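Below is one structure, written out as structure tokens; comments come after it.
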Amino acid sequence: MGILEVRDVNKNFGGLKALHNVNLDVQEGSVHAIIGPNGAGKSTLLNCFIGRLTPDTGSVMFNGSTLLGLKPHEINQAGVVRVFQTPEIFSELSLLENVMIPAFAKRDGAFKLNAFSDVARHGEIREKAMHMLEEVGLANDRDKTSSSMSRGDKRRLELAMCLVQDPVLLLLDEPTAGMSRADTNATIDLLKKIGGRGVTKIVIEHDMHVVFSLADRISVLAQGTVIVEDIPSKIKGNEKVQEAYLGGAHL
Amino acid sequence: MLSLFTKSSEKSDLLLLALFAVVVFAMPIWLAPFGAAYPDLMQRFAIYGIFATGFNILFGLTGYLSFGHAAFLGVGSYTAVWTFKLLGMNPIPAIIAAIIVAGLFALLIGFISLRRSGIYFSILTLAFAQMCYNLAYSVLTPITNGETGLRVLRDDLRLFDAPTVGDGGPLLSHIGGIEMTGMPGFYFAAVLLVIMVGLAMRIFRSPFGMMLKAVKTNQTRLNYTGVNTRPYTLAAFVISGMYAGLAGALLCVIDPLAGAERMQWTASGEVVLMTILGGVGTIIGPILGAALIKYFENIFSAFNDQTLNDIFSFLPDQLQEGFVSVTSLFVGEGWNLSLGILFVIIVVFLPGGVTEGLNRIGRFGLRRLGIGHKSKNEDETSPAPGE
Amino acid sequence: MDAILLQVLNGLDKGAAYALIALGLTLIFGTLGVVNFAHGALFMLGAFCAVTINKVLTLQKVVLSQTETTAWGTPLEIRTPLAQEWFGDLGLTIIDFSVPISILAAIPVMLLIGVVMERGLIRYFYKRPHAEQILVTFGLAIVLQEIIKAFFGANPIQQNAPEMLQGAIDFGALFGNPGALVYPLWRMVYLAFSVIVILSVFAFLQFTTFGMVVRAGMADRETVGLLGIDIDRRFTIVFGIAAVVAGTAGVMYTPILPPDYHMGMDFLVLSFVVVVVGGMGSLGGAVSAGFLLGILQSFASMSEIRDLLAKVGIIGLDQIIIYLIAIVILLVRPRGLMGRKGVME
């Protein structure tokens, strides 16, 4: 039994089989990586988790209830929080506001007409957001707008926005894509730091360095099917993986 | 100095509102040198200030550009006149009824229009407003009295005050015997303006307002943050529709007549212009914009060929004739042409509106005077929360 | 049956006008990504091209009669159109055909107006937010219509179709029932004209290299830009074409509806509804929705249906039918009849 159970998911785009009988069990508290060559179906699979795509057949169960057919905000309210490939933030708002908004969403639900109380009156939200900003190392910039930040900083901000909601399951879509080595390492450290808190994570990643530093378990996707699922050390030596993904080269 | 208004810190809010109230109530004094201190014009400043403030709650915060807000102004007006007709000339019930009915209209129109965003939304609101205009102008003539316009008649029911108003006096709205025309009318509208601006300030600084700003910045992100954006935008739409309804009712409080032309697309466009002229997303901007437009409308409309001939009389006859015929295109009946040109100029050159323009000038001035140190400059340039 | 046919025909000419404006609108925001609130003004400008040409053609020479006097004893003024004086009977025919002749003048004029508008103003707004694009074209629409008002006054100016086209066709006679289905000839001309224009625009887009680039641009503007194709020049031409389509539609519509300065905005709002119903970005959708809504509007204004509705207390449905249909369609199909996902969202 996993916290996220994917059963026999199929998804076709016209004649193209993007996903073919995909099964996946993600254990609570683990970091589960999904890797695979380009076009293997990683993003399609992730989009099925968050309601952007609906599988043709199969089920996606989270904590015993289905995720299929839910709207994005409902999936978030259920505890599945997503980090985007390119950081998605509120670029015209201050960093603090960026983190306070998800904190409000967590506390007040999908909608609350809180139109006449000053934001400053909600001290606990502010403190929670500040705490989170401190943790990702952006506390000093709290009043700046986020539009001019580096990509690494934007990623950290987005992580803060996601983590302030105390997610049950965190979906990371190539969290270090397009980052410098230093930013990548900083992000890995950050993810490890918060990994200790028992947040379940699914990481989709190209960068093997990131995958092997983070993951407890790895599923390898090729041509829409999971060809292997195992712990990282076994994945490294697996011939099937090397053939499908690494083109025969040794790691 | 203007950044005082655009950038609100929590403690200064009340102070600012008090300052604003003083400025508004003192209009008869400080507007006198501009020749604008007569009640009729100041009433319009206050009323259109409310209209634009409400519009700004939608457009300034969420970025949804409604092109049909005049519909709610018109609905408010018709409701107010009907309340006068049925209940009597007291403005309070009329205002309350207008706000409620305009809010219901906004709920209905918003529910459908907000299914789409961006350009679609603008087009849909424009179409709805045009539909309301057609309804008022012809289809619903029994309710709206068509092109003649709806007014209060002597033999109307007027449940509560029919006996008290004599047969002789004009049918004017009044509270406790004070007729809502002239200066009392202005002060009545001014009080409501201050209240509505105070409410708008609260909304701007509330968690709700913050969510609306987030809608404007990145709606997709907000959805994946667990927020259902539709009810937020709908609430903003309804609130701004209620502001418009109130403004519409006030127009009838000072002059109990409602006509369909109030709902035309030009009226919807005017409130958009007021808001961007003053400065979208700032508290004071839309009010400033409303006042400027109404002021210039007043001045420009007053010109006619006679006054123009007087102005250019120092020129040789031929030139005088030429100048008069050219300028007469832009004044009097031609006010709309000036309005259109102003529209284009503002959008092209100053999309941030007058408040941004003044801020720029202010910063430039500070730098020239050597007052603006680096840190201070940075502080001034950082966008106000509302922008 | 005849009555129904008549209403279909009646709706077609109004529908044709909607379709022509909506076609231009769709072309412009499909390629340029700009919603042109001044597009109705282009329709109106076209109509006033016809008015101007007519005025020019009918310029008169006034001669005081030597022999005849008026009832007041003053010499009778004999007015002769200059065209007649110069060309004789041919001149009279030219005046009679002022509306079709105006087309010839309207094409270069509208092309010029379109190009000037695009080069002078619109192009600076390609990268600005949609709200600002809407606002600037909206302002432009006000300016254009107010200028027309200043020069031509606020009253509608009647224009006549050529005399030989003023009659009516008795379709009823074809079915052995003369008089049952009479349809004004000029409306048939208008319908034929718009079908030709629509087909030529489609053919142009379908069969020329230029059209192919434009279609590619409508599908994916960024990529086409990246291919190193000079998109800017093509944008200008597309805008010019859309202006010509709207303008000539306006010229030809003058005998049906006497033009006034605000006809543009009246048609624009309905054309927008047409575009939304047809599906943003779909040329076929715009055209078919134009005809569809025109016909439905004409049915709602049918006297039998009006009487029927009046009995249940509904009056003036024809005024708002288009909006009601638009609401229903948007509730059922939010992207419109032929809308594609991701266009203008």
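Any read-out appearing in this document is the output of simple, stated calculations on the displayed coordinates, not a laboratory observation. Predicted model only: the values in this text are computed from it and were never measured. Note that each Cβ is placed from the backbone with ideal geometry, even for glycine, and that neighbours are counted across all protein chains shown.
Taking every residue in A:64-74 and counting other chain Cβ atoms within 10 Å of its Cβ, the average works out to 2. For C:A50, neighbours were defined as the other residues whose beta-carbon sits under 14 Å from its Cβ, and their charges (Lys and Arg +1, Asp and Glu -1) total -1. Backbone phi angles across segment A:95-101, fed through the Karplus curve with coefficients 6.51, -1.76 and 1.60 (θ = phi - 60°), yield HN-Hα couplings of 4, 4, 4, 3, 8, 5, 4 Hz in residue order; Gly and Pro are listed as x. Averaged across orientations, what area in nm² does the convex hull of the alpha carbons in the protein assembly as shown project? The Cα convex hull of the protein assembly as shown, projected and averaged over all directions, gives 53.2 nm². Here the Karplus relation 6.51 cos²θ - 1.76 cosθ + 1.60, evaluated at θ = phi - 60°, turns the backbone of segment A:19-32 into coupling constants of 10, 10, 6, 7, 10, 7, 10, 10, 6, 4, x, 8, 10, 10 Hz, with x for every Gly and Pro. In the protein assembly as shown, the calculated helix contribution to ellipticity at 222 nm averages -19500 deg cm²/dmol per residue, counting -39,500 (n - 2.57) for every DSSP H run with n ≥ 4. Taking only the C-alpha atoms of segment A:87-166, the Rg (one decimal) and the largest Cα-Cα distance, Dmax (whole number), read 12.0, 36 Å. What do you get for the angle between helix A:181-195 and the principal long axis of chain A? Use alpha-carbon atoms, 0 to 90 degrees, nearest ten. Roughly 80 degrees between the two axes. Translational diffusion coefficient of chain C (Stokes-Einstein, Kirkwood radius from Cα pairs, 4 °C, 1.567 mPa s): 59 µm²/s.
For the peptide A:89-102, the mean number of other protein chain Cβ atoms found within 10 angstrom of a residue's Cβ is 5. Hey, with R₀ at 35 Å, roughly what FRET efficiency would B:I175 and B:L14 work out to, going by the Cβ-Cβ distance, to 0.05? For B:I175 and B:L14, the calculated efficiency is 0.85. Ranked for footprinting exposure by Cβ neighbours inside 10 Å, fewest first, B:T83, B:T282, B:T141 give B:T141, B:T83, B:T282. Taken over chain A, the alpha-carbon convex hull comes to 133 cubic angstrom per residue.
Seen from C:T208, the other residues with C-beta closer than 13 Å to its C-beta sum to a net charge of +2, counting Lys and Arg as +1 and Asp and Glu as -1. Computed from the alpha carbon atoms alone, the convex hull of segment A:2-113 holds 146 Å³ per residue. Pairs of C-alpha atoms in segment B:10-263 farther apart than 25 Å represent 47 percent of all such pairs. Other residues whose C-beta falls under 13 angstrom from the C-beta of B:D40 contribute a net charge of 0, scoring Lys and Arg +1 and Asp and Glu -1.
Taken over the C-alpha atoms, segment A:131-231 has Rg and Dmax values of 14.6, 48 angstrom. The HN-Hα couplings worked out from phi for segment C:15-23 by the Karplus form 6.51 cos²θ - 1.76 cosθ + 1.60 (θ = phi - 60°) are x, 5, 5, 4, 4, 5, 5, 5, 4 Hz, whole numbers, x standing for Gly and Pro. Relative contact order of chain C, taken over Cα pairs closer than 8 Å and 6 or more residues apart, is 34 percent. Which residues among segment B:241-255 fall inside the zone where the amide N is under 18 Å from a point 7 Å beyond the Cα of B:L107, along Cα→Cβ? Label zone hits: B:241-246. Once the chain from A:D118 to A:T86 is taken as fully extended at 0.36 nm per residue, the excess over their C-alpha distance is 8.3 nm. Taking 0.36 nm per intervening residue step and subtracting the Cα-Cα distance, what contour gain separates B:L369 from B:S325 on full extension? Between B:L369 and B:S325, full extension yields an extra 11.4 nm.
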